[in-house]
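Trainee: For reference, the structure I am asking about is given below.
The values are calculated or read from the model by the stated rules, or taken from the named source; none is laboratory data. Everything quoted here is computed from the prediction, not taken from an experiment. Neighbour counts are summed over all protein chains in view; Cβ atoms, including those assigned to glycine, are modelled from backbone coordinates with ideal geometry. The protein model used for the area step is the full one, side chains on, heavy atoms only, and it has no ligands, DNA or RNA in it. Shrake-Rupley method; radii C 1.70, N 1.55, O 1.52, S 1.80 Å.
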Amino acid sequence: MKMGKKYSDSVKLLEKAKLYDANEAIALVCQTAKAKFDETIELHIRLGVDSRHADQQVRGAIVLPNGTGKTVRTLVFAKGDKVQAALDAGADYAGAEEYVEKIQKENWFEFDVIIASPDMMGLVGRLGKVLGPKGLMPNPKAGTVTPDVAKAVKEAKAGKIEYRLDKTNIIHCPIGKASFGAEKLTENFEALIGAVIKAKPAAAKGQYIKSCVIASTMGPGIKINYAKLG
């Protein structure tokens, strides 16, 4: 597979087998983000757990100190006063049956996060087949099923991200944009790693963090010295 010149130049900045300290890796990832757009910086953490077992699931959410750099569009399922409270908090859309119908009939997905009050989950459940595969189903562990929808909207807008294991026991999460610079990215990195370590299941045995790689959208992966992370 032929790589572009910018990618090849970025690879030359790296020592292939080296495990970099987090600070060094984050400084390097900013240098390797050479695209014409503001690249997203992503973290990929492989854990020593088995996601097939319920007692070894790792899932949660955290508000990154410096946000993600992305504009998040929120849809809130609520009724009564909570609809206005959600809109006042900055929700892009808030309502009930009309949005279920819009998604079902128009295949409408002009949103990034769905938040629901607990009493609306029966209604939202009708959309499980379309929301589930897209990772959009609200979940109490992620803080997206909550009586305080206004607070959840503010957190989503402030840069709240959800972390969860995929089928290969890896967590993939954005920690900001290349334009943030190393200092802000480091603060976001430490917040996310801290949350993942805190979420370690009691059933997890042996080494918890197996590998950790940071990369920009178009750049190469940079391996972080996971032994220093926990």
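Trainee: What does the helix-only formula give at 222 nm for the chain: each DSSP H stretch with n ≥ 4 adding -39500 (n - 2.57), the total divided by the residues, and the result rounded to the nearest 500 deg cm²/dmol?
Mentor: For the chain, the value works out to -8500 deg cm²/dmol.
Trainee: On to the next question. So what is the relative contact order of the chain, in percent, for Cα pairs below 8 Å that sit 6 or more residues apart?
Mentor: RCO, the chain: 39 percent.
Trainee: What dipole magnitude, in Debye to the nearest 20, does the chain give about its Cα centre under +1 on Lys/Arg Cβ and -1 on Asp/Glu Cβ?
Mentor: Dipole about the Cα centre, nearest 20: 880 debye.
Trainee: Once the convex hull of the C-alpha atoms of region 35-153 is built, how many Å³ does it hold per residue, rounded to a whole number?
Mentor: In region 35-153, the Cα hull volume divided by residue count equals 152 Å³.
Trainee: With the contact rule set at Cα under 8 Å and sequence spacing of 6 or more, what percent relative contact order holds for region 93-198? Please list the in-between numbers first.
Mentor: Numbers: 67 pairs, mean separation 19.8, N = 106.
In percent, rounded to a whole number, it is 19.
Trainee: Next question. Quick check: at a probe of 1.4 Å, how many percent of the accessible area of the chain sits on carbon and sulfur atoms?
Mentor: Working: 6250 of 12140 Å².
Carbon plus sulfur share of accessible area: 52 percent.
Trainee: In addition: Would you work out the charge dipole size for region 158-230 about its Cα centre, treating the Cβ of every Lys and Arg as +1 and the Cβ of every Asp and Glu as -1, and quote it to the nearest 20 debye?
Mentor: 260 debye
Trainee: Per residue, how much accessible area does region 97-192 have with a 1.4 Å probe, in Å²?
Mentor: Working: 4880 Å² over 96 residues.
I get 51 Å² per residue for region 97-192.
Trainee: Expressed as cubic angstrom per residue, what is the convex hull volume of the alpha carbon set of the chain?
Mentor: 148 Å³
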